[in-house]
């Protein structure tokens, strides 16, 4: 293995269009692997809004991220080395994986070391572009639904056409739930194709009005949007059962987001707070969860909706496309050839 590799690296916080650079002499990761680690040749990477948001957080980025930083969380690729004593993975295996966004080495690099909690082995017949689109969005959807439902429950997913929402619809159905979701007019056919039982078109219908008309029938609300409808959590007693949960997934970092989270968590109902369980969501790498997602991907229970693909040299263009907020599905970057 060569001592250096190509990677998209940023030396300091700031707009990615100006600061993120393709560097051809980034030190390659060490092949001296710790217990449970694997060395991966990255084939495909998937871009997420969090990738550029972390880079653009200013002083918060300096406080939480070590620069220079290689961008990217999600990936698929081929195992090129395994730690001594590993029995559940071998050289040549395909994997999907996710890097913690606060780590300095990300998925937009030719090689990467993953710990045993950060990946799952996938069958070789699984398309690596589709696999790369699963980790963050799929894990977020799975962890925001699975602990809170049983077969027969009713779920409302606010924002069903994005990456997390599209997996959420499929996962909710796989778990035996009735799924209602919201999206724009242009995305109605997509979410129905993914399995949604009912769809609220927010461009022509009022989400809260439509939900309240059904009564307190929902067991879980997953909010992938975060700022629309306004004060959404406060409206949930009109349609969420008293024992139901509201999972706050979406929303850009802002003072309003912090205020909403603080109020939802700390403001008691006897002082005017909302009498429903508010749960802020933070993605966690869990090996068993990745293995479940990998299994569902392999057998067709879940599929990745891909919006577009870009070559490794086109990452800035891919990020500009992602920032528009109009993509339908995942934005994939081809890092290396499959073989």
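Within region 198-238, the set of residues being closer than 13 Å to residue 157 by Cβ and surrounded by fewer than 16 Cβ atoms within 10 Å (Cβ to Cβ) comprises 198 only. For region 303-322, a residue qualifies if it is closer than 17 Å to residue 74 by Cα and out of contact with any strand residue (DSSP E or B) (no Cβ under 9 Å at 6 or more places or on another chain), and exactly one does: 303.
One line per residue, one yes/no per condition, for (1) modelled with pLDDT under 95; (2) touching a strand residue (DSSP E or B) at 6+ places or on another chain (Cβ under 9 Å); (3) within 23 Å of residue 143 (Cβ to Cβ):
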site	(1), (2), (3)
222	no, yes, yes
241	no, yes, yes
246	no, yes, yes
262	yes, no, yes
272	yes, no, no
276	yes, yes, yes
282	yes, no, yes
286	no, no, yes
294	no, yes, yes
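Kindly establish whether residue 338 is assigned to a loop (DSSP other than H, G, I, E, B), within 15 Å of the chain's Cα centre (by Cα) and surrounded by fewer than 19 Cβ atoms within 10 Å (Cβ to Cβ). Criteria not met by residue 338.
Scanning region 142-163 for residues that are in contact with a helix residue (DSSP H, G or I) (Cβ under 8 Å, 6 or more places away or on another chain), within 24 Å of residue 212 (Cα to Cα) and at pLDDT 95 or above yields 144, 145, 149, 155, 156, 157, 158, 159, 160. For region 121-158, the candidate set comprises residues that are surrounded by fewer than 24 Cβ atoms within 10 Å (Cβ to Cβ) and part of a strand (DSSP E or B); within that set, the residue that is nearest to the chain's Cα centre (by Cα) is 121. Considering each residue of region 65-84, count those that are under 19 Å from residue 1 (Cα atoms), surrounded by fewer than 17 Cβ atoms within 10 Å (Cβ to Cβ) and in contact with a strand residue (DSSP E or B) (Cβ under 7 Å, 6 or more places away or on another chain), and give that number. Number of matching residues: 1. Listed by position, the helices (runs of 4 or more DSSP H) contained in region 1-85 that have at least 2 residues being farther than 15 Å from residue 107 by Cβ and either touching a helix residue (DSSP H, G or I) at 6+ places or on another chain (Cβ under 6 Å) or at pLDDT 95 or above (or both) are 16-19.
The values are calculated or read from the model by the stated rules, or taken from the named source; none is laboratory data. As the structure is a prediction and not an experimental result, all values here were calculated from the model. Every residue, glycine as well, gets a Cβ built from its backbone with ideal geometry; the counts of neighbours run over all protein chains shown.
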